[in-house]
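Here is the structure we will look at, set down as structure tokens.
Each reported figure results from applying straightforward, stated rules to the coordinates on display, with no laboratory input. Keep in mind that what you see is a predicted model, and the values were worked out from it rather than measured. Note that each Cβ is placed from the backbone with ideal geometry, even for glycine, and that neighbours are counted across all protein chains shown.
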Amino acid sequence: MSGYFSDLITGSKSLLSGLGVTFKAMVSPVVTVQYPREKIDVTPAIRGHIDLVKDEGTGAHRCIVCLSCMKICPCQCITVEGEKQEGVKGKVLTLFTLDFTKCSLCGLCVESCRPRAIDFCSEYELAGFSREEFFYDLLKRVKERA
Ligand code: SF4
Ligand code: SF4
């Protein structure tokens, strides 16, 4: 009989302890969001894929076609092309693509770019159904933002 009461007391303590945890969670501030209906502001330190930076002064990109990013990329996922144009000093950027399927987000390209023409974007919803969806035309993207 004493075993019965002992089990009853132990069970009640356990039940109250569990209810305490539940009640504490009910009155605590909510830290989760109803994604994808709700979204949070991501940290500025987020590393999405690289993107050409839009110069706030000119509204254009800052790339000088030095090819440093393309040469240093260990995954060979950047393709940069430029051409000489009449009356323009230096080369004009004609192609800047990224194969994000190969990118390891190492950051070497961003660090090597002296004019700070590339940086990591803050996009994180990057799901897709084919590899082609992860081949980004960064020149087109920066022009669309201009
Ligand atoms: S993004 Fe930077 S490192 Fe790459 S080609 Fe342009 S200027 Fe050079
Ligand atoms: S972050 Fe690294 S792997 Fe990705 S494009 Fe830049 S250099 Fe290449």
Cα extents of the chain along the three principal axes, largest first, in whole Å?
100, 31, 29
For the stretch 1-56 and the stretch 89-108, distance of Cα centres in Å
40
What order, most packed first, do the peptides 106-118, 11-23, 128-140 have when packing is the mean number of other Cβ atoms within 10 Å of each residue?
106-118, 128-140, 11-23
For the residue 122, residue 84 Cβ pair and Förster radius 25 Å, calculated FRET efficiency rounded to 0.05 is 0.15
Helix-only [θ] at 222 nm, the chain, -39500 (n - 2.57) per DSSP H run of 4+, per residue, nearest 500, equals -9000 deg cm²/dmol
With x for Gly and Pro, the residue-by-residue ³J(HN,Hα) of the stretch 11-25, computed from phi through the Karplus equation 6.51 cos²θ - 1.76 cosθ + 1.60 at θ = phi - 60° and given in whole Hz, is x, 5, 4, 5, 4, 5, 4, x, 5, x, 5, 5, 5, 4, 5
Considering the chain as a Gaussian network with a 10 Å cut-off on Cα pairs, which listed residue, 24, 54, 39, attains the greatest mean-square fluctuation?
24
Over the stretch 50-145, what is the relative contact order in whole percent, taking alpha-carbon pairs under 8 Å and six or more residues apart?
36
Label zone at residue 60 (point 7 Å along Cα-to-Cβ), backbone N below 17 Å, the stretch 90-107
90-96
Hey, can you grab everything whose amide H is under 5 Å from the amide H of residue 95? Only 5+ residues off in sequence or another chain; H modelled, so Pro and N-termini drop out.
81
FRET efficiency for residue 41 and residue 105 from the Cβ-Cβ distance with R0 = 22 Å, rounded to 0.05, comes out at 0.60
For the stretch 74-80, in order, what is each residue's ³J(HN,Hα) by Karplus, 6.51 cos²θ - 1.76 cosθ + 1.60 with θ = phi - 60°, in whole Hz (x at glycine and Pro)?
x, 9, 6, 9, 9, 10, 10
